[in-house]
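The structure appears right after this line, and notes come after that.
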Amino acid sequence: MRFAFLCRDKPEPSNRKIAIIGAGPAGLSATGYLVCHGHEVHIFDKLPEPGGLMLFGIPEFRIPISRVREGFAELRDIFGVKFHGRTKIVFGNKPDEGDSFVDEFIEFDKLIKDFDAVLIATGTWKSIMPKIEGGDLKGVLPALSLLFKIKCARLGYISWDNITPLKEKTVVIIGAGHTAVDVAIECMSLGASKIYMCYRRTILEAPAGYHEINFLKNRGVIWYELSMPTRIIGENGNVKAIELQQCKLSKPDKNGRRYPIPIENQFVTIDTNYIIYAIGQKLTPPFQQDIDVKLDDWGRIIVDDLHMTSREGIFAAGDIVIGPSKVGRAIQDGLYAAEGINYWLMGEQS
Amino acid sequence: MKKVLFIDYNRCIGCETCQSICEFIHRDKPFIKIFQTSTGLSIPITCHHCENAPCLNICPTKAIYKDEDDAVIINTEKCIGCYMCLAVCPFGIPSFDIRIGAMNKCDMCADRRKRSLAPACSEMCPCVAIFFGEPQALEQTIKAKIAEELA
Ligand SMILES: Cc1cc2nc3c(=O)[nH]c(=O)nc-3n(C[C@H](O)[C@H](O)[C@H](O)COP(=O)(O)OP(=O)(O)OC[C@H]3O[C@@H](n4cnc5c(N)ncnc54)[C@H](O)[C@@H]3O)c2cc1C
Ligand code: SF4
Ligand code: SF4
């Protein structure tokens, strides 16, 4: 990917320095725009390599790893972009658990002092997990954490021994979106013997589309539509089975949407080793305390026409502004934010 | 030298990067667009710059021509907005642009090609689904890629 698609060579330096927090598609496309306008860009990411979810979430069979790597190599080698990996920007709050790759913590306030402008492009990394009986048993996993580990192993950052062993195991996937499909395909390739996919509506409503679900069914995935998890049954702290409530669809409401209605006393129980929830991502603002950057009711960072937050000189872009979206939307948001930064720094000169 | 813009629908994941980039450089009017089919597939639709372009052949004012790279271009000055090109295009591409009062469509990033840059969608597609180049070199690249994947 040529993130610096707007130019070929490094232009005259502008003598402005910009910090980007988060090297996902939004942060990288913003970087590409900014280097084509002569700015010096430093990218900070808690992961060891740039790419965000393109590299650490979305499976390799969708986005080739080499394509993302080539893209960043150009930013580094031709445009002198500096990547500060394994570096987490902290906003006064204590470090989170599980930042396994982080070597260095930098305070947000320090970053602001060292740069002319700062772009927050930290994405949405928390998975939605339901409150359900047995939800804390060992073997209940959010989809992203499984896909993240698999990608870390493929990229060579952790050994395959650290991956949840799937060979000859049974997996129940909850959800029918693209992430659920990704999980099913990865489980297949890692040797799971039985894969179930449960969805509360029917194949016709599946967010991943009829075509993708049918493809999985043809490859042996057992499709359970009109079923909703009611409880997870454990044994010695591990998952043993899941109980599903059978449903039927309501009449279409005025928007044409049909809702699952439980059918009384109709349950099925499936024995399984793992239950993987692929029901979406939650907004996760990178700061827990008030740093004067305003959020909306959903936790998205509010930005103005220039993509500036409520704090002067601090900009934001990507899924942290628009909510969980797509690579293309994040890229475009990054470009508009970079345009805003350039205008704010250079004025009419830009 | 003839250049082609070829989309491999099998590699496309529907991420909308091509459309987003095109929209960014053309200010709110992308020439490449992703359509969601009723079966849930995402298909990018854009001009194929046909070798034997029906739009070019039918245009009553000869507003459509081929440039030095064989890209099919609409001269918006000459266009009278009669929609004949859209009627004959197998992909439904030409689109009336109210801002200029003429038909418009993908010009294979003409401005970029003048600066030796490839079309933006092909440069940014994360999945290498959009190929750009001289026909033979491009076909060679695709075959080599497939060989790599078969191995
Ligand atoms: C499992 C999964 C599959 C998906 N599949 C697709 C798909 O097939 N097609 C598609 O178009 N979209 C897909 N998406 C959505 C897409 O990945 C996102 O919309 C997109 O990556 C968002 O880009 P972003 O730049 O805003 O954030 P991200 O890609 O999330 O990048 C944010 C970066 O910020 C870093 N970061 C966060 N906090 C800090 C901090 N405090 N300090 C330093 N660094 C920090 C993170 O490490 C990360 O690298 C998928 C998402 C998921 C979860
Ligand atoms: S950028 Fe590539 S993968 Fe994404 S929608 Fe366009 S053609 Fe498909
Ligand atoms: S507009 Fe249609 S007919 Fe004309 S060149 Fe493009 S695809 Fe072919």
Worksheet, complete the sentence: Within the stretch A:176-199, the residues whose backbone N lies under 17 Å from a label point placed 7 Å from the Cα of A:V268 along the Cα-to-Cβ direction are A:176, A:194-199
Worksheet item: Considering only the other residues whose Cβ falls under 13 Å of the Cβ of A:R311, what net charge follows from Lys and Arg at +1 and Asp and Glu at -1?
Response: -4
Discussion item. Taking the Cα centroid of the stretch A:302-335 and of the stretch B:100-140, what is the distance between the two, rounded to the nearest whole Å?
Written reply: 27
Worksheet entry | Using θ = phi - 60° and Karplus 6.51 cos²θ - 1.76 cosθ + 1.60, couplings along the stretch A:295-311 (whole Hz; Gly, Pro as x) | 10, 8, 4, 8, x, 7, 6, 7, 10, 9, 4, 8, 6, 8, 7, 5, 10
Item to complete: Enter the mean number of other protein chain beta carbons within 10 Å of the beta carbon of each residue in A:26-36, as an integer.
Response: 1
Worksheet, complete the sentence: Under the Karplus relation with 6.51, -1.76 and 1.60 and θ = phi - 60°, whole-Hz ³J(HN,Hα) for the stretch A:99-116, x at Gly and Pro, equal 7, 4, 8, 6, 9, 9, 10, 10, 5, 3, 4, 5, 4, 4, 5, 7, 10, 6
Item to complete: Tabulate in residue order the Karplus-calculated ³J(HN,Hα) for the stretch B:135-143, using 6.51 cos²θ - 1.76 cosθ + 1.60 with θ = phi - 60°, rounded to whole Hz; enter x for Gly and Pro.
Response: x, 5, 4, 5, 5, 4, 4, 5, 5
Worksheet item: For the stretch A:1-127, how many pairs of lysine residues have a Cα-Cα distance under 23 Å, where the two are 8 or more positions apart or belong to different chains?
Response: 20
Worksheet item: With r defined as the distance between the Cβ atoms of A:D304 and A:E107 and R0 fixed at 30 Å, what FRET efficiency is calculated, to the nearest 0.05?
Response: 0.75
Worksheet entry | Separation of the B:N57 and B:T37 label points, Cα + 7 Å toward Cβ, nm | 2.7
Practice prompt. Please give the average number of partner chain Cβ atoms lying within 10 Å of the Cβ of each residue in B:16-25, rounded to a whole number.
Written response: 6
Worksheet item: Which net charge results for the neighbourhood of A:L147, defined as the other residues with beta-carbon distances under 13 angstrom from its beta-carbon, given Lys and Arg at +1 and Asp and Glu at -1?
Response: +1
Item to complete: Could you sort A:315-321, A:37-43 so that the peptide with the highest average Cβ count within 10 Å comes first and the rest follow in order?
Response: A:315-321, A:37-43
Worksheet item: What FRET efficiency, computed as 1/(1 + (r/R0)^6) with R0 = 22 Å and r the Cβ-Cβ distance, is obtained for B:E149 and A:A73, rounded to the nearest 0.05?
Response: 0.50
Practice prompt. For an R0 of 60 angstrom, estimate the FRET efficiency from the Cβ-Cβ distance between A:I163 and B:E77 and round to the nearest 0.05.
Written response: 0.50
Item to complete: Can you tell me which of B:10-23, B:93-106 comes out highest on packing, and rank the rest after it, using the mean Cβ neighbours within 10 Å?
Response: B:10-23, B:93-106
Worksheet item: Residues of B:124-137, mean number of Cβ from any other protein chain within 10 Å of their own Cβ, rounded to a whole number?
Response: 3
Response to the item:
Note on the protein assembly as shown: alpha-carbon gyration tensor, axes a ≥ b ≥ c; rule is a/c under 1.5 for rounded, else prolate if a/b larger than b/c, else oblate; result oblate
Worksheet item: So how far, in whole Å, is the C-alpha centre of the stretch B:1-47 from the one of the stretch A:228-288?
Response: 35
Item to complete: Would you list which lysines come within 28 Å of B:K62, measuring only between C-alpha atoms, while excluding same-chain residues fewer than 8 positions from it?
Response: B:K2, B:K3, B:K29, B:K33, B:K78, B:K105, B:K114
Worksheet, complete the sentence: By the C-alpha gyration tensor axes a ≥ b ≥ c (rounded if a/c is under 1.5, else prolate when a/b exceeds b/c, else oblate), the shape of the stretch A:2-131 is oblate
Discussion item. Quick check on the protein assembly as shown: of the DSSP beta bridges with both residues there, what percent are antiparallel, nearest 5%?
Written reply: 50
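Read-outs throughout are calculated quantities, based only on the coordinates presented, and are distinct from any laboratory measurement. Fair warning: this is a prediction, and the values are worked out from it, not measured in the lab. Every residue, glycine among them, receives a Cβ derived from its backbone with ideal geometry; neighbour counts consider all protein chains shown.
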